[in-house]
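Have a look at the structure below, then the notes.
The values are calculated or read from the model by the stated rules, or taken from the named source; none is laboratory data. In this text the structure is predicted, and so the values were computed from the model without any measurement. Neighbour counts are summed over all protein chains in view; Cβ atoms, including those assigned to glycine, are modelled from backbone coordinates with ideal geometry.
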């Protein structure tokens, strides 16, 4: 039951973008069309879950026994970058269809702070392996929801010509993101 | 003391080595041979990613030519010279390339066609097309003129003049991106060799058309009877020219009482041009 709450909590209450403000770069950069936003969201789910498993293993099996916990940032970045590259190579051969649908989004996520952020959160909260995976899955689903909602809003905004010139494009997108964030803050306190 | 330096260095070094070796192994194990022709074709494509070929962007088309047997003459922006280059790379004879361009099946300028609704919403044809009462125009088939097509054109070939889309024939490559986005389907593609077209999209009967527009097709059928090549038919109360049969003789242009049929290359919307060159 705890896992269910953890999952729902990481989607809505602690939404990776709108509450924790991680991964804002793709949130604004890839959210102009809902098709690409969907692709990005799915790729994030894929990478985030894999990265959570790998970083948990590296942290608990390598860094903790050697008392090198302070190296986590460095090693997490190394692990995530290598993992994404490896997955990209493997997918291209093993599953070309999935590779095509994830496309350019895979390398884009290599240095995404949401991926690193979730790995660090898992570590700080002392989650077990299962909890880490659930948290990663919830966070990335939250990312997908947020970015698809944002893309839908921006598609409509881009058609509106009544916006003052100084607000067109990114400024109005940032205002929208802020309002969405406030809306998602409404979930806080529902799950402890 | 010394171990505080050696341990982390060794651990990170080993981690780096392991991942490096893993990636090196993966690049050999999972090596996928890409056909060099894909890259060659991609390099000579215009790179506008207009989607006129029916594939997702230039990359998709290059891939489809090599791997899915797509035709070599699908790139509207590149034209026949590009079709021949692609055919040369593929080692096949070039398929016949029919250059097309877009034209507006409407001459209802703000002066010629009544605008009944004072529309104050989002200036986008797709939004305007869904309001009750159809559009700002009294004619539900006409060009709305908010320029959604102008925005999607990658080649800067469209503009809005007197409430109507104007096509710059020299710039239009016939990709059809504007045709797809137009909620009224009032834009259409025609071969560049075609010189005569019907400039009305209305399916209403003659008397109804007359109420809302002075230049609409009245479905009278004079053009059908006057055409020596029998290329014109009436479909849904609208004259339609079969470009395969049309000989561009222009006899229908002189017969049409509503001045709806005209030459493709001249923009016939103001009365002077219509009287001097289009009729």
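Summary of computed values
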read-out: Tally, over the stretch A:3-14, of residues that are touching a residue at least 12 places away in the same chain (Cβ under 8 Å) and farther than 17 Å from residue A:119 by Cβ; value: 8
read-out: Residue in the stretch B:65-72 that is over 19 Å from the mean Cα position of the chain (by Cα), more than 20 Å from residue B:180 (Cα to Cα), at pLDDT 85 or above and crowded, with 21+ Cβ neighbours inside 10 Å present; value: no
read-out: So residue B:70, is it outside any loop (DSSP other than H, G, I, E, B), more than 10 Å from chain A (Cβ to nearest Cβ) and in contact with a helix residue (DSSP H, G or I) (Cβ under 6 Å, 6 or more places away or on another chain); value: no
read-out: The listed residue being in contact (Cβ under 8 Å) with a residue 40 or more places away in the chain and part of a loop (DSSP other than H, G, I, E, B), out of B:200, B:220, B:178; value: B:200
read-out: Residue within the stretch A:89-99 that is more than 14 Å from chain B (Cβ to nearest Cβ) and not in a helix (DSSP H, G or I) present; value: no
read-out: Qualifying position, being more than 14 Å from chain A (Cβ to nearest Cβ), surrounded by fewer than 17 Cβ atoms within 10 Å (Cβ to Cβ), within 21 Å of the chain's Cα centre (by Cα) and more than 17 Å from residue B:215 (Cα to Cα), among B:169, B:118, B:195; value: B:169
read-out: Identity of the residue in the stretch B:28-50, within 14 Å of chain A (Cβ to nearest Cβ) and either more than 30 Å from residue A:87 (Cβ to Cβ) or touching a helix residue (DSSP H, G or I) at 6+ places or on another chain (Cβ under 6 Å) (or both), that ends up surrounded by the fewest Cβ atoms within 10 Å (Cβ to Cβ); value: B:32
read-out: Residue B:154 at pLDDT 85 or above and closer than 30 Å to residue B:78 by Cα; value: no
read-out: Residue ID - farthest from residue B:28 (Cα to Cα), chosen from residues in the stretch A:104-118 that are surrounded by fewer than 16 Cβ atoms within 10 Å (Cβ to Cβ) and within 14 Å of chain B (Cβ to nearest Cβ); value: A:104
read-out: Any chance residue B:149 is surrounded by 22 or more Cβ atoms within 10 Å (Cβ to Cβ), in contact with a strand residue (DSSP E or B) (Cβ under 8 Å, 6 or more places away or on another chain) and outside any loop (DSSP other than H, G, I, E, B); value: yes
read-out: Residue within the stretch B:242-255 that is in a strand (DSSP E or B) and assigned by TED's automatic domain parsing to the domain that holds residue B:131 present; value: no
read-out: In the stretch A:59-87, residue farthest from the other protein chains (Cβ to nearest Cβ) [restricted to those that are under 17 Å from residue B:5 (Cα atoms) and surrounded by 17 or more Cβ atoms within 10 Å (Cβ to Cβ)]; value: A:72
read-out: Qualifying residues in the stretch B:51-61 (those that are in a helix (DSSP H, G or I) and away from chain A (no Cβ under 14 Å)) - the one surrounded by the fewest Cβ atoms within 10 Å (Cβ to Cβ); value: B:58
read-out: Of all residues making up the stretch A:13-38, the number that are in a helix (DSSP H, G or I) and buried (at least 19 other Cβ atoms within 10 Å of the Cβ); value: 4
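Yes or no, residue by residue, for (1) under 19 Å from the mean Cα position of the chain (by Cα); (2) modelled with pLDDT under 95; (3) surrounded by 13 or more Cβ atoms within 10 Å (Cβ to Cβ); (4) more than 14 Å from chain B (Cβ to nearest Cβ):
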position: A:120; (1), (2), (3), (4): yes, yes, yes, yes
position: A:123; (1), (2), (3), (4): yes, yes, yes, yes
position: A:126; (1), (2), (3), (4): no, yes, no, yes
position: A:135; (1), (2), (3), (4): yes, yes, yes, yes
position: A:144; (1), (2), (3), (4): yes, yes, yes, yes
position: A:159; (1), (2), (3), (4): no, yes, yes, no
position: A:168; (1), (2), (3), (4): no, yes, yes, no
position: A:180; (1), (2), (3), (4): yes, yes, yes, yes
